[in-house]
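Visitor: Before anything else, here's the structure in question.
Values quoted throughout were computed directly from the atomic coordinates according to the rules given, and no laboratory measurement underlies them. Only a predicted model underlies this, so the values are computations on that prediction, with no experimental measurement involved. No Cβ is skipped: glycine too gets one built from the backbone with ideal geometry, and neighbour counts run over all protein chains shown.
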């Protein structure tokens with residue numbers, strides 16, 4: 001099977017996204033980094049094919065997306081459906097949260113993520 005995880009052709013995009021993380025992503029990253037959740041390692045800006053996930057736990061095949069305003073447009077919603085299908089075809093479970101969820105209830109977001117950790 002062709003290599004699809006963190007391919008070199010998406011490296012620059014991943015680096016740019018890491019360097020320009022919006023505040024909601026920074027809030028969640030502070031809670032995920034350093035194996036803080038039950039010892040599981042999460043990576044930020046991890047790509048699967050041409051799609052870049054905000055956060056990914058390779059051991060559990062668990063992806064986390066923090067959705068901003070662009071995801072609420074008709075085009076954004078349509079793109080998200082395709083994106084989710086492609087990602088889930090690699091047996092990845094994808095959790096989605098809104099910027100508002102994170103900024104108003106980051107503890108609830110973390111509790112929801114923890115439900116998916118053994």
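Visitor: Just the number, please: Stokes-Einstein D of the range 6-118 in µm²/s, Kirkwood Rh from C-alpha pairs, 20 °C, 1.002 mPa s.
Guide: In µm²/s, the coefficient rounds to 149.
Visitor: Please tell me the relative contact order of the range 1-60 in percent, rounded to the nearest whole number, where contacts are Cα pairs under 8 Å and at least six residues apart.
Guide: Computed over the range 1-60, the figure is 36 percent.
Visitor: Taking the simple approach of a point 7 Å from Cα along Cα-to-Cβ for both residue 84 and residue 100, what is their distance in nm?
Guide: In this crude label model, residue 84 to residue 100 measures out at 1.7 nm.
Visitor: I'd like the distance between the alpha-carbon centres of the range 92-116 and the range 1-58, rounded to an integer number of Å.
Guide: Going from one Cα centre to the other spans 15 Å.
Visitor: Please find, in a Gaussian network model of the chain (springs between Cα atoms separated by less than 10 Å), the residue of 48, 82, 13 whose mean-square fluctuation is greatest.
Guide: Highest fluctuation among the options: 82.
Visitor: Tell me, what is the percent relative contact order of the chain, built from C-alpha pairs under 8 Å that lie six or more residues apart?
Guide: Rounded, it is 23 percent for the chain.
Visitor: Right, next: For the chain, give me the percentage of DSSP beta bridges that are antiparallel, rounded to the nearest 5 percent.
Guide: Here the antiparallel bridges make up roughly 60 percent for the chain.
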